[in-house]
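To keep things clear, I will list the structure first and then write my remarks on it.
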Amino acid sequence: MSSSPVTVSPPQSAWPAWRWLRRGLLALLLLLLVLAVLAWALLRASLPQLNGRISLPGLQAPLSLARDDLGTLIVQGENRLDLARGLGFVHAQERFFEMDLTRRSAAGELSALFGPVALERDKQRRLHRMRERMSERLAQLPAADRALLEAYASGVNAGLGALRVRPWQYWLLRAEPEPWAAVDSTLVVIEMFWMLQGSGLDGGFERAQLRSSAGDALFDWLNPRGGRWDAALDGSQLQPPALPTPEQLDLRKASPNTSQAPLPQRQASADEPAVIGSNNWAVAGRRSEHGGALLADDMHLGLSVPSIWFRTQLQIPASAGRPEQRAAGLSLPGMPSIVVGSNGAVAWGFTNAYGQWFDWIQLPSEFAPERLKIYTQTIAIKGRAAEKLEVQEFDGAPLLREQNGRRYALRWIAHQGEAVNLELDRMLLARHVDEAVGIAQRSGIPHQNIVIADSRGQIAWTLAGRLWSQPGLAKSYARFQGAETPAHDWVAPADYPLIKNPKSGQLWTANNRQLGGAAAELIADGGFDLGARAQQIRERLSEKPKHDEASFSALHLDNEARFMQTWGQRLLKVAAASPAHAEAAELLRRWTGRADAEQAAYRLIRTARLKTLDTLWLAWTEPLLGTRQRDEKSAIKWRSSFEYPVSQALDQQPTYLLPPGHASWDALLLAQLDAAAQEMREPGPQALAAASWGQRNRSKIQHVLSKAIPPLAYFLDMPGLDQGGDSNLPHVAAPAFGQSQRLVVSPGREAQATLSMPGGQSGHPMSPFYGAGHAQWANGEATPLLAGRPRHRLDAEP
């Protein structure tokens, strides 16, 4: 018996549903395609103009704006104001969004763009009333400086207006960009104050708290001002205090402030406690292979996309009675000036100077009412009603902290009008070291160690930024000031510290203490770095009788870990004596002594060191500060100089300072080594030798919007790369922090000079300059300081 196949068909009524589903899917795909095309078109429409003619209101003479393969901008015109207009035009077209964030961050106005997510940050910034303070300062500037800022603002607004559509970031945020004003450029300077000094303000408050709780003897031991890693320019040495006595601190005795719970193990952070830093150094003409002074500079900042700096070349061609003027280096979008670079006669570079540029004032319980003024700030918030914020100021210093019934006001040099000016712009015309030193000492910028070299072979170091008088370290360092503490006076440039043409023929700075004696009293101490970087740079310079551009470039990338070698020896000694630590001991024996990306031993030493410092800091400060030290949010953190008391204790091994739970100091170190090894094997499991330092130190250079919207990372972020380098050696490198530029130049030999940056010129991902130069920076390859052959050109006529 045969049977025929049976075909089962859906009910007739089901066919329309299948058709509608298919049509719906096709319509959805078509809609997504249309949206993608529209997004692409809007993105492309917001690209900066690279070629053709532009209009610049107020232009006085013909102006050209050319760019090479890296996007290096060449602004050529007949006068300084026209150059400012042209620079503003390009800054706006390439970087307006970043400029906008900078001024908003400084003034506490991010909520208007991002909504409630930025409100708490805005409230903290509004307490300082920086927009009002800078508006007052703008009116006080010389007429020529105001004209420069107005010309720049005019160029910025012309550049913004010339875009076919608003910058792409504003489409994503559903916002409209607001025009640039002259006062906004002063806010850019204030944001640099925040970036370079903000963490020091908090650190200063914490140090004063610790001194109040610990007393002078214990505080000075926990926070020494110097030691074996010092590398001051004047050769001064400071000896750390001796170990405390058992009567001062004894961990064998129970303290009412100390928790009985075991000490927690913390994950080692990717970096030391943050020190916004930099390196710079120079040799005089007699110490160079070609007879010209040499200068190098690498400023260490948070790394992002696009880079903070903008490769810029300002040129005024020669004319009757006037030689050609040219300055090449880095500008900061939002400002019309070259920040670091060379003008053919003088080159200059900066590192952050950690003097004490602030006072924390403890308010008395009673004072005259007129000393307290109240202001109201209105904070605009995207998506909801604006909020009012009451700001209180005591003698002009904002009230920022309240603890244990006491109130504290901050007197910060950035609050003072004279701390901000445009004097640094005069560096474009400086012809020798003496002129450049005078300009630096009159400059209103965040305080910097400036190293200067000139075409005559001279070198000099001084401080850039306005200095104020100091009461002396004994009265200022880590101490709250009383309400009757006198206000500071401005220091005359003639009284600034200065080192010119030293006998050694070399200068170096790396955020360390620079001087001793009376000069140290003037600078005070706002939290200097340890000095290990500076010492290694000094020694590298001394190792060669003469240098050239190549040896200076190599020093930028020096990964030898001289500081960490002392810890490697210490850990190897205890590991070699313990059969249970044979794997770690063998890894330590084979270490090259470098912080290269492939070095697992460096990672092991570094992690064990951080855990040791964390453990001892908690053990030694909890009896003084209480269990707040176990809370990551409220704990007072150790600073770089804590290295000194830790090394003392490990060398002398006093039993009364040994944390409970460890049978000996060797056992303490082995426990940290075990914890470090366990951390390195995670997320696991992997062999210890496979857990390289580069794996932990992989670069992560992100766009601000990809941090908020992770899917954008593929399109906006720079590629990750396992990298060597670290915080206590010349090649400073962390995942999102490091060398924001690398400059090597001999004034007059700019054709041989180099300048490298971690990211490109443009903030537009479709621009040919978006990531230009990143690969070379990541691979340690130098790119030229001077612009190459122009690939694009804009022209403007009056």
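Rounded to a whole number, what is D in µm²/s for the range 261-409 from Stokes-Einstein with the Kirkwood radius over alpha-carbon pairs (10 °C, 1.306 mPa s)? Intermediate results must be reported in sequence, preceding the final value.
Numbers: Rh = 21.8 Å.
Once the numbers are plugged in, D ends up at 73 µm²/s.
First check a/c for the range 524-671, with a ≥ b ≥ c the square roots of the eigenvalues of its C-alpha gyration tensor; if it is under 1.5, answer rounded, and if not, answer prolate when a/b is larger than b/c or oblate otherwise. Write out the running numbers ahead of the final one.
Numbers: a/c = 2.37, a/b = 1.38, b/c = 1.72.
Oblate, since a/c reaches 1.5 and b/c is not below a/b.
Taking the Cα centre as origin and putting +1 on Lys and Arg beta-carbons and -1 on Asp and Glu beta-carbons, what dipole magnitude results for the chain, to the nearest 20 debye?
Working: 84 positive and 79 negative charges, 298 e Å.
Magnitude of the dipole: close to 1440 debye.
Output the DSSP H helices from the chain with an along-axis C-alpha extent of no less than 20 Å and a mean Kyte-Doolittle hydropathy no less than 1.6.
Numbers: long enough: 15-45 (44 Å, 1.45); 80-107 (28 Å, -0.31); 143-162 (28 Å, 0.49); 182-214 (47 Å, 0.32); 562-576 (21 Å, -0.12); 600-625 (37 Å, 0.25); 665-681 (24 Å, 0.19).
Result, helices passing both filters: zero.
Taking 60 Å as R0, compute the FRET efficiency from the Cβ-Cβ separation of Ala736 and Ser319 and round it to 0.05.
On the way: r = 46 Å, r/R0 = 0.77.
Calculated transfer efficiency: 0.80.
Take the alpha carbon gyration tensor of the range 677-761, find the square roots of its eigenvalues, order them as a ≥ b ≥ c, and report rounded if a/c is under 1.5; if not, report prolate when a/b exceeds b/c, else oblate.
Values: a/c = 3.43, a/b = 1.47, b/c = 2.33.
The shape class here is oblate.
Given 0.36 nm per residue, what is the gain on full extension from Asp722 to Glu120 after removing their alpha carbon distance, in nm?
Numbers: separation 602, 0.36 × 602 = 216.72 nm, distance 3.51 nm.
This chain segment gains 213.2 nm when fully extended.
Enumerate the amide H contacts of Lys382 below 5 Å, restricted to partners 5 or more residues apart or on another chain; note that Pro and chain-start residues carry no placed amide H.
Here Ala112, Leu113, Phe114, Gly115 satisfy the definition.
With θ set to phi - 60° and the Karplus curve 6.51 cos²θ - 1.76 cosθ + 1.60, what are the ³J(HN,Hα) couplings of the range 443-451 in order, to the nearest whole Hz, using x for Gly and Pro?
6, x, 9, x, 4, 9, 6, 9, 10
Here are labelled values, (i) 47.4; (ii) 34.6; (iii) 39.3, and one is the computed mean projected area of the Cα convex hull in nm² for what I pasted. Which one?
(i)
Going down the list Lys123/Lys633; Lys500/Lys544; Lys253/Lys573, which pairs span over 24 Å between their C-alpha atoms?
Violating the 24 Å Cα-Cα cut-off are Lys253/Lys573.
I'd like to know which of Gly438, Tyr408, Val491 lies farthest towards the positive end of the charge dipole of the chain, counting +1 on Cβ of Lys and Arg and -1 on Cβ of Asp and Glu.
Tyr408
For Lys637, give me every one of the lysines with a C-alpha distance below 23 angstrom, ignoring sequence neighbours fewer than eight places off in its own chain.
The reachable lysines, counting only those whose Cα sits under 23 Å from Lys637, are Lys475, Lys611.
Could you bin all the Cα-Cα distances of the range 654-798 into 5 Å bins starting at 0 and give me the percent of pairs in each, rounded to whole numbers?
2, 7, 11, 13, 13, 13, 11, 8, 6, 6, 4, 2, 1, 1, 0, 0, 0
Between Leu467, Tyr477, Asn511, whose Cα lies farthest towards the positive end of the dipole of the range 457-520 when Lys and Arg beta carbons carry +1 and Asp and Glu beta carbons carry -1, centred on the Cα centre?
After comparing all options, I get Asn511.
Using only the Cα atoms of the range 593-713, build the gyration tensor, take square roots of its eigenvalues as a ≥ b ≥ c, and label the shape rounded, prolate or oblate: rounded if a/c is under 1.5, else prolate if a/b is larger than b/c, else oblate. Working shown, then result.
On the way: a/c = 2.31, a/b = 1.44, b/c = 1.60.
Because a/c hits 1.5 or more and a/b fails to exceed b/c, the range 593-713 counts as oblate.
Per DSSP helix of 4 or more residues, -39500 (n - 2.57); summed, then divided by the residues of the chain. What does that give at 222 nm, rounded to the nearest 500? Please list the in-between numbers first.
Working: 23 runs with 283 residues, N = 798.
Result for the chain, helices only: -11000 deg cm²/dmol.
Collect residues whose amide H, placed 1.01 Å from N in the peptide plane, falls under 5 Å from the amide H of Phe310; neighbours closer than 5 in sequence don't count.
Ser331
Would you mind getting me the FRET efficiency between His290 and Arg789? Use the beta-carbon distance for r and R0 = 22 Å, nearest 0.05.
Details: r = 25 Å, r/R0 = 1.15.
Once the sixth-power term is evaluated, E becomes 0.30.
Suppose R0 equals 41 Å. What FRET efficiency, 1/(1 + (r/R0)^6) with r the Cβ-Cβ distance, do Ala690 and Lys573 give to the nearest 0.05?
Details: r = 25 Å, r/R0 = 0.60.
Between Ala690 and Lys573 the formula returns 0.95.
Within straight cross-link reach of Lys382, meaning Cα distance under 16 Å, which aspartates and glutamates are found once same-chain residues fewer than 8 apart are removed?
Leaving aside aspartates and glutamates fewer than 8 places away in the same chain, those within reach of Lys382 are Asp100, Glu109, Glu120, Asp122, Glu176, Glu178.
Run the numbers for Arg698 and Ser55: contour at 0.36 nm per residue of separation, minus the present Cα-Cα distance, in nm.
Numbers: separation 643, 0.36 × 643 = 231.48 nm, distance 4.45 nm.
Difference between extended and current length: 227.0 nm.
Near the amide H of Ala733, under 5 Å away, which other amide H atoms are found, from residues 5 or more places off or on another chain, if H is placed in the peptide plane?
Counting only residues 5 or more places away or on other chains, the set is Asp726, Ser727.
How far apart, in nanometres, would the label points at Ser255 and Leu712 be if each is projected 7 angstrom from Cα along the Cα-to-Cβ direction?
Taking the two extended label points, one gets 4.7 nm.
What does the net charge come to around Ala242 if you take all other residues with beta carbon closer than 15 Å to its beta carbon, with K and R at +1 and D and E at -1? Provide the component values of the computation, followed by the final result.
Numbers: positive: Arg225, Arg228; negative: Asp216, Asp220, Glu247, Asp651.
Local charge sum for Ala242: -2.
Provide, in order from the shortest bin, the percent of all Cα-Cα pairs of the range 356-406 in each 5 Å bin, continuing until the bin that contains the maximum pair distance.
5, 14, 21, 21, 15, 12, 7, 5, 1
Using the Karplus curve 6.51 cos²θ - 1.76 cosθ + 1.60 with θ = phi - 60°, what ³J(HN,Hα) values do you get for each residue of the range 232-248, in whole Hz, with x for Gly and Pro?
Going residue by residue, I get 5, 5, 8, x, 5, 10, 10, 9, x, x, 5, 4, x, 7, x, 5, 8 Hz, with x marking Gly and Pro.
For the range 283-292, what does the Karplus curve 6.51 cos²θ - 1.76 cosθ + 1.60, with θ = phi - 60°, yield as ³J(HN,Hα) per residue in whole Hz, taken in order and with x for Gly and Pro?
These are the phi-based 3J(HN,Hα) values: 10, 6, x, 6, 10, 10, 5, 9, x, x Hz.
Since every read-out is calculated from the coordinates, none of them should be taken as a lab result. For clarity, every value in this text was computed on a predicted model and none was experimentally measured. Cβ coordinates were reconstructed from backbone atoms using ideal geometry, including for glycine residues, and neighbour counts include every protein chain displayed.
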